[in-house]
Structures are given as C-alpha cells and as structure tokens.
Amino acid sequence: MTRISYSALESYRRCGYRFYLERRLRLCPEGEPTGAAHSTPREGAASALSALTRGSVAHELLERSDPRRPVAPRAEHVAARLRAGGAAATEGEVDELTRLVGGFLGSPLSARMARARTLRRELPFTFPFEIEAAEGSARSVLVEGVIDAYCAEGPSALVVDYKTDRISPGVDLEALCAEAYATQRLVYALAGLRGGADRVEVAHVFLDRPHEPVLAAYEASDSGRLETRLGALVGELVAGQHEPSATPGTDLCRGCPGRAALCSWPPERTGARLAAA
C-alpha cells in the first residue's frame with residue numbers, strides 16, 4: 001500500500017513538477033552539491049545558524065519542556081543540543097534558541113496546553129484513505145505524519161505545530177498559513193477527527209511571534225468536505241500528474257533544480273538566473 005506524508009502532499013500541491021524532480025528523480029536543490037541534502041554539518045561550523053538546526057533544536061527543546069512549569073531552558077543545555085546538531089553554539093545562537101523556546105512557554109497557547117486533559121508530544125499518526133483510480137476501481141493509500149503536540153480537551157482536540165521560520169513583524173501570518181500550510185491543516189484535521197475528536201483546532205505557532213498563533217477549527221460535520229479536498233490532491237499524485245505550478249515565482253521556485261533549463265516556465269517567471277553567454 002502506498003504511504004504518503006503530509007509534507008509530500010504539501011510539496012506536491014505547491015508544484016507537481018518540482019515534486020517530481022526532487023522526490024522522484026532525487027535531483028538536488030539548485031546551488032547544492034550532490035548529497036548536500038543528506039550531509040552532516042561539520043562540528044563547530046562557524047556559519048550562521050541554519051534553518052534546519054534552528055528547527056530541529058527548537059523542536060527538541062519544546063518536546064522536553066513542561067508547559068505546566070514554563071521555564072526557559074538553561075543556556076548550557078541549549079548549547080549542548082546545538083553542538084549535538086553540529087552548530088558552533090555561539091552566544092548568539094544560544095540566546096536565539098533560548099528566546100524562541102522561552103517566548104513560547106510564556107504564551108497563552110502554552111498555558112492552554114498545560115490545561116489539556118492529555119498532552120502528547122511528537123505523536124505519529126497514520127490513517128487509510130481510499131481514492132477512485134482512473135479505471136474506476138478503488139485504491140487505498142496510507143496518509144502519515146507526526147504532530148508536534150496533541151492536546152485532548154474533553155471531546156475536542158488541539159493540534160499544535162511549531163514553526164521556526166524567521167518571520168518579520170509585518171508578515172501576515174494568516175495569509176502565510178493559507179498559502180504554505182493548507183494541506184498540513186487538512187491532514188491534521190482529518191487525523192484528529194478520525195481519531196475520535198468531535199472538533200479539532202489546528203494551531204500553527206511561529207516561534208518568532210509566539211503570541212500570534214494562527215488557528216483553524218474543524219467540526220465532525222466538516223469531514224466530508226475535507227475528504228473531498230484530500231481525495232482530489234491524492235488522486236492527482238497517485239495518477240502521476242506532475243504539472244508545473246500555475247503560479248510560478250521567485251519564492252516558490254527558489255532552489256528548484258528544474259527552473260534554469262527543465263521547467264516549461266521561462267526564467268523571467270521563475271526568477272532563475274540565465275547563464276552568461
């Protein structure tokens with residue numbers, strides 16, 4: 001049975017062709033050498049804290065935190081986790097991670113998590129999903145993922161997803177979530193509803209702005225609509241439809257291995273740099 005993660009679905013939704021190049025053909029993102037996506041950071045690297053390290057260490061620290069005792073992690077503990085991730089653990093990097101984690105632990109959303117009947121961290125989920133194949137027969141796939149924090153609140157549930165993107169004060173977080181995380185919301189909502197909750201609230205919280213979580217609520221009566229949306233997306237993916245995005249642009253196409261020569265969109269639409277003559 002085919003297994004599909006929500007991250008793969010989100011990548012496919014944004015651009016089916018880039019999904020094909022990176023996930024099927026295993027082409028490296030533009031500007032990275034072969035194998036770079038799977039390389040291990042050098043110990044003590046002096047470069048600025050990477051998005052990958054920032055995200056993984058922040059998630060690890062939050063997983064180990066207790067919202068009922070909202071205390072920021074000690075500097076030496078943060079430094080140890082950074083060094084384990086291959087970062088230099090400079091004073092600035094330690095301060096950055098301490099600020100991110102401590103800021104969230106002092107937020108109203110963290111206080112709400114502390115009041116939950118049950119709180120589970122890094123919760124894996126899998127649910128079967130049936131789609132109609134091209135020949136009219138049914139085909140089942142397994143949709144899977146991992147939830148950062150799942151809070152049971154009586155018959156309802158709160159799903160929390162931490163985002164460690166560097167966000168400037170002027171960014172519209174609602175619009176950002178609608179554009180970048182719509183599929184993740186959809187899958188999380190169905191996972192919670194199929195798990196028995198009669199209402200699921202999905203919260204995306206950007207740690208740079210922890211007091212501004214973006215919330216979306218779904219009732220059990222929404223299940224049919226959600227399944228229709230998911231079915232359309234999964235059906236296209238399983239059928240092998242890998243069309244380029246209808247709305248290319250620098251943000252979407254940055255780093256795509258196909259934008260300079262393989263993509264059907266011209267470089268002026270994808271933001272690719274033309275090779276010098």
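The set of residues in the range 225-258 that are small (G, A, S), under 15 Å from Y17 (Cβ atoms) and touching a residue at least 12 places away in the same chain (Cβ under 8 Å) comprises A239, S245, G249, G255, G258.
Looking at the range 178-186, can you tell me whether even one residue there is at pLDDT 95 or above and either more than 30 Å from G249 (Cβ to Cβ) or basic (K, R) (or both)? Yes.
Residues checked against (1) among the aliphatic types (A, V, I, L, M); (2) under 13 Å from the mean Cα position of the chain (by Cα); (3) crowded, with 18+ Cβ neighbours inside 10 Å; (4) at pLDDT 95 or above:
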residue	(1), (2), (3), (4)
S168	no, no, no, no
A203	yes, yes, yes, yes
L207	yes, no, yes, yes
H211	no, no, no, yes
G235	no, no, no, no
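Conditions (1) polar (S, T, N, Q); (2) under 30 Å from A72 (Cα atoms); (3) in contact with an Asp or Glu (Cβ under 9 Å, 6 or more places away or on another chain), marked per residue:
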site	(1), (2), (3)
F127	no, no, yes
E132	no, no, no
D161	no, yes, yes
L176	no, yes, yes
R209	no, yes, no
A216	no, yes, yes
E219	no, no, yes
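Just one residue in the set E122, E144, E153 is of a type in the set (D, E, K, R) and surrounded by fewer than 16 Cβ atoms within 10 Å (Cβ to Cβ); that residue is E122. If you go through the range 86-119 and pick out every residue that is surrounded by fewer than 18 Cβ atoms within 10 Å (Cβ to Cβ) and in contact (Cβ under 8 Å) with a residue 60 or more places away in the chain, you end up with 3. Only one of the numbered conditions (1) assigned to a strand (DSSP E or B); (2) out of contact with any helix residue (DSSP H, G or I) (no Cβ under 6 Å at 6 or more places or on another chain); (3) under 16 Å from I4 (Cβ atoms); (4) at pLDDT 95 or above is not met by L158, and that is (3). For the range 128-139, the candidate set comprises residues that are in a strand (DSSP E or B) and loosely packed, with under 15 Cβ neighbours inside 10 Å; within that set, the residue that is modelled with the highest pLDDT is P128. Taking the range 53-91 as the range and being hydrophobic (A, V, I, L, M, F, W, C), part of a helix (DSSP H, G or I) and within 24 Å of L109 (Cβ to Cβ) as the test, the residues that pass are V57, A58, L61, L62, V78.
Cβ-Cβ distance below 7 Å, separation of 6 or more or different chains: which pairs start in the range 1-29 with a residue that is within 26 Å of S140 (Cβ to Cβ) and modelled with pLDDT under 90 and end on one that is part of a strand (DSSP E or B) and polar (S, T, N, Q)? Pairs found: M1/S140.
Go through the residues of the range 206-215 one by one and say whether even a single one is closer than 20 Å to T118 by Cα and free of Cβ contacts under 8 Å to residues at least 60 places away in the same chain. Among the residues of the range 206-215, at least one is closer than 20 Å to T118 by Cα and free of Cβ contacts under 8 Å to residues at least 60 places away in the same chain, which makes the answer yes.
Taking the range 172-277 and the helices (runs of 4 or more DSSP H) fully enclosed by it, the elements with 2 or more residues that are touching a Ser or Thr at 6+ places or on another chain (Cβ under 9 Å) and aliphatic (A, V, I, L, M) are at 182-194, 223-238.
Applying the condition of being farther than 16 Å from L215 by Cβ and touching a Phe, Trp or Tyr at 6+ places or on another chain (Cβ under 6 Å) to the range 184-198 and asking which residue is surrounded by the fewest Cβ atoms within 10 Å (Cβ to Cβ) yields R194.
The values are calculated or read from the model by the stated rules, or taken from the named source; none is laboratory data. Remember, it's a predicted structure, so these values are computed and weren't measured experimentally. No Cβ is skipped: glycine too gets one built from the backbone with ideal geometry, and neighbour counts run over all protein chains shown.
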